[in-house]
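Here the structure comes first, spelled out in structure tokens, and everything after it is commentary.
The values are calculated or read from the model by the stated rules, or taken from the named source; none is laboratory data. Computed from a prediction, not measured in an experiment: that's the story for all the values here. Here Cβ is always computed from backbone atoms with ideal geometry, including for glycine, and neighbour counts include all displayed protein chains. What goes into the accessible areas is simple: the full protein's heavy atoms, side chains included, and nothing from ligands, DNA or RNA. Shrake-Rupley method; radii C 1.70, N 1.55, O 1.52, S 1.80 Å.
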Amino acid sequence: MTAERIDGKAFAALLRERVGALATQFEHKAGRKAGLAVVLVGEDPASQVYVRSKHKATVAAGMESFEHRLPADTSEADLLALVEQLNADEAVDGILVQLPLPGHLDDQAVIAAISPDKDVDGFHVTNAGRLAVGQSGFVPCTPLGCMMLLTDRLGDLSGLEAVVIGRSNIVGKPMAQLLLDANATVTIAHSRTKDLPGVVKRADIVVAAVGRAEMVKAEWLKDGATVIDVGINRLPPAEGEEKGRLVGDVDYAGAEGVASAITPVPGGVGPMTIAVLLRNTLVAAYRNAGLAVPEIL
Ligand code: NAD
């Protein structure tokens, strides 16, 4: 048996198309475009790449992109003042502060200053709380994207055994909440879990969000499991390579022989994150404009 490759790139392209079409409808109804403000402090090269691709994707989806690039030595007071200004700006539906911030700035304090109704990353404690108690808010983009891939493939997740490896606030924990909400039986495994292979063995659904190259082995998986690999790890360059290959947290080549479906790295979960960010921004726009959010979003 060879597992089906879950094509996150194709799914994300469809989602972006749908968001684009609905963004045009929003503009007709609201008399303005939906808007996303992205704040980048400093010159971290990876963050610059992310911010550039978010900007491009936002514009391509027919939404307004407001970029704020601040120098690395920006004070917390200045950054908080900008966030306040964006909170009050009616053209801005979503606010994203690119993390990590330079060391002298407190990530949590800055996230706390974002209006929860513009927190399209879903990192504000109010949104974490809403997710925990089953109220509608904003869910972090990566786990929501994983959930879309899972429900697209499996439909009803009721009663399925799901194991999430990793307990971060941005991936593992919200992923587990979403699976629980969908009536899966959820286990969260982490760095202190005893017998991780044994825990993974019972899972119909495995979500790996660890950040360790090819840690999850084929022998750990139950026959026919559905595997979502969130990890992005760069291997050391092999001879003759300038850069090492990107791999996930799961040994893809081995897992293909055991799982029924698996996301590749790259091309699986990765492309979903920006697509879901655009989706969250458009949801925020509908809500902020007092319009009903279209169900297909
Ligand atoms: P993190 O470092 O915050 O969390 C990693 C988690 O893995 C921790 O909860 C830890 O307990 C657990 N862990 C560490 N070692 C372990 C072990 N040996 N066994 C079991 N669990 C272990 O990372 P994160 O932010 O949640 O990201 C996880 C991975 O997902 C990273 O590779 C990151 O690059 C990737 N990621 C991808 C996307 C995307 O595709 N768009 C988005 C976010 C994160």
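Using a 1.4 Å probe on the protein heavy atoms only, what accessible surface does L79 show? Give it in Å² to the nearest 10.
Result for L79: roughly 0 Å² accessible.
Could you state the principal axis extents of the C-alpha atoms in region 49-108, from the largest down, to the nearest angstrom?
35, 27, 19
Below 8 Å, C-alpha to C-alpha, sequence gap of six or more: please give me the relative contact order for the chain in percent. Please list the in-between numbers first.
Values: 594 pairs, mean separation 65.6, N = 297.
Rounded, it is 22 percent for the chain.
Where a Cα-Cα gap under 18 Å defines reach, which lysines qualify for K201, not counting those fewer than 8 residues away within the same chain?
Within the straight-line cut-off, K201 pairs with K217, K222.
Run the reach check for K33 against lysines, Cα to Cα strictly under 17 Å, same-chain hits fewer than 8 apart removed. What comes back?
Correct list for K33: K54, K56, K118.
Would you mind getting the Kirkwood hydrodynamic radius of the chain from its Cα pairs, rounded to one decimal in Å?
Values: mean 1/r = 0.0501 Å⁻¹.
This gives a value of 19.9 Å.
Let me understand region 99-194 better: what is its radius of gyration from the alpha carbons, and its Dmax, in angstrom?
Cα radius of gyration and Dmax of region 99-194 are 14.5, 46 Å respectively.
So, R0 is 51 Å and r is the distance between the beta-carbons of D78 and A10; what FRET efficiency does that work out to, to 0.05?
0.75
Show me the GluC sites (Glu not before Pro) within region 56-164 that DSSP assigns to loop and that have at most 11 other Cβ atoms within 10 Å of their Cβ.
Working: sites: E64, E67, E76, E84, E90, E161; in loops: E90.
The qualifying sites are E90.
Can you tell me the relative contact order of region 183-235? Whole percent, Cα pairs under 8 Å, sequence separation 6 or more. Can you show the working numbers first?
On the way: 55 pairs, mean separation 19.8, N = 53.
Averaging sequence separation for qualifying contacts and normalising by length gives 37 percent for region 183-235.
Would you mind telling me the share, in percent, of accessible area of the chain contributed by carbon and sulfur at probe 1.4 angstrom? Each step should come with its number before you reach the end.
Values: 7150 of 13810 Å².
Carbon-and-sulfur percentage of accessible area, whole number: 52.
May I ask you to evaluate 6.51 cos²θ - 1.76 cosθ + 1.60, the Karplus curve with θ = phi - 60°, for each residue of region 277-285 and list the ³J(HN,Hα) values in order in whole Hz, giving x for glycine and proline?
Each residue's phi maps through the Karplus curve to give 4, 5, 4, 4, 5, 5, 4, 4, 4 Hz.
Keeping every protein chain present and rolling a 1.4 Å probe, give me the accessible area per residue for the chain in Å².
46
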